[in-house]
Ligand code: OAD
């Protein structure tokens, strides 16, 4: 029944905006953060400090070491059925943008055309001394995969992936907010909705805008949603039948 309701909501909408999180990429073997097999549940990882800007400035080697495998998984991954379903809904003329907390670039790999990467991406490394000193991650891939600290060839400063760390400003927040306000349906997929300000974005939707939350665990915004599907994203894809 819920799946029929979701399909009806999709078909009756003209401006769908997606808010995605790490759960849409777990089927591509990229770990999420707070799920049962998440990055932050790994006893070898000093939890959120791996992505903390002050810790990074203090000792970038901790981040570099823990990020190596994560990076390797992301660059080698292919889009999941969830990513492909969103592209399909875009092709139907319904989905207009994807706001993602993910840094893996899989929405773009799936062909989604308007992706707002609020937590940045792994395509480039940027020098802490100057935002103009940049390098394409592909050119330093071996070093990243080896867990090395990346040094700027122009000034010898420390370089960091162009992802948003705790203690830094989220990117394109206004653009994301504008999309949320244009939406007639917001699909939230695979996020625990715990990291602000992004988790609070759906609260800025217009009164008539419907909210659907698809996540295999409870989120603190379930109470606010018009429809909650506590399922694996692949199950939803299968039930909707939009992707083989
Ligand atoms: P989380 O790990 O916090 O949440 C992912 C959610 O997806 C969890 O509730 C999982 O149970 C659920 N999930 C996992 N696989 C799923 C599947 N196949 N189907 C359905 N649900 C599934 O990840 P995010 O909410 O994206 O920030 O985390 C937000 C931010 O926290 C990240 O962008 C990252 C992290 O610190 C930075 O790196 C700055």
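Give the dimensionless ratio obtained when the Cα radius of gyration of region 104-244 is divided by 2.2 N^0.38 Å.
1.28
Classify region 1-89 as rounded, prolate or oblate from the Cα gyration tensor: take a ≥ b ≥ c as the square roots of its eigenvalues, call it rounded if a/c is under 1.5, otherwise prolate when a/b beats b/c and oblate if not.
The shape class here is prolate.
Obtain the radius of gyration and the Kirkwood radius of region 161-210 from its C-alpha atoms and give Rg over Rh.
1.00
Can you give me the angle between helix 60-76 and the longest principal axis of the chain, using Cα atoms only, in degrees from 0 to 90, rounded to the nearest 10?
Rounded to the nearest ten degrees, it is 50.
Where does each of 166, 33 land when they are ranked from fewest to most other beta-carbon atoms within 10 angstrom?
Starting with the residue having the fewest Cβ neighbours, the order is 166, 33.
Angle check, please: helix 81-91 long axis (alpha carbons) against the longest principal axis of the chain (alpha carbons), in degrees 0 to 90, nearest 10.
Between helix and principal axis, roughly 60 degrees.
Binning at 10 Å from 0, report for region 24-160 what percent of all alpha-carbon pair distances ends up in each bin.
For region 24-160, the binned pair fractions read 11, 37, 34, 15, 2 percent.
With the Cα gyration tensor of the chain in hand, give its eigenvalues times 5 under a square root as the equivalent ellipsoid semi-axes, listed largest first in whole angstrom.
Equivalent ellipsoid semi-axes, largest first: 33, 18, 17 Å.
Give me the angle, in degrees from 0 to 90, between the Cα long axis of helix 173-182 and the longest principal axis of the Cα atoms of the chain, rounded to the nearest 10.
10 degrees
Averaged over all directions, how much area does the convex hull of the C-alpha atoms of region 84-179 cover when projected, in nm²?
Average of the hull's projected areas for region 84-179 equals 7.3 nm².
Quick one: Cα convex hull volume of region 30-82, Å³ per residue?
Taking only Cα atoms, region 30-82 has a hull volume of 88 Å³ per residue.
What FRET efficiency comes out for the pair residue 168/residue 78, r = Cβ-Cβ distance, R0 = 22 Å, nearest 0.05?
The formula returns an efficiency of 0.15 here.
Per the Kirkwood formula on distinct C-alpha pairs, the Rh of region 73-123 is how many angstrom?
11.0 Å
None of the figures in this text is laboratory data; all of them are computed from the coordinates on show. Computed from a predicted model, the values in this text were never measured in an experiment. Methodologically, a virtual Cβ is constructed for each residue, glycine included, from the backbone with ideal geometry; neighbour enumeration extends over all protein chains shown.
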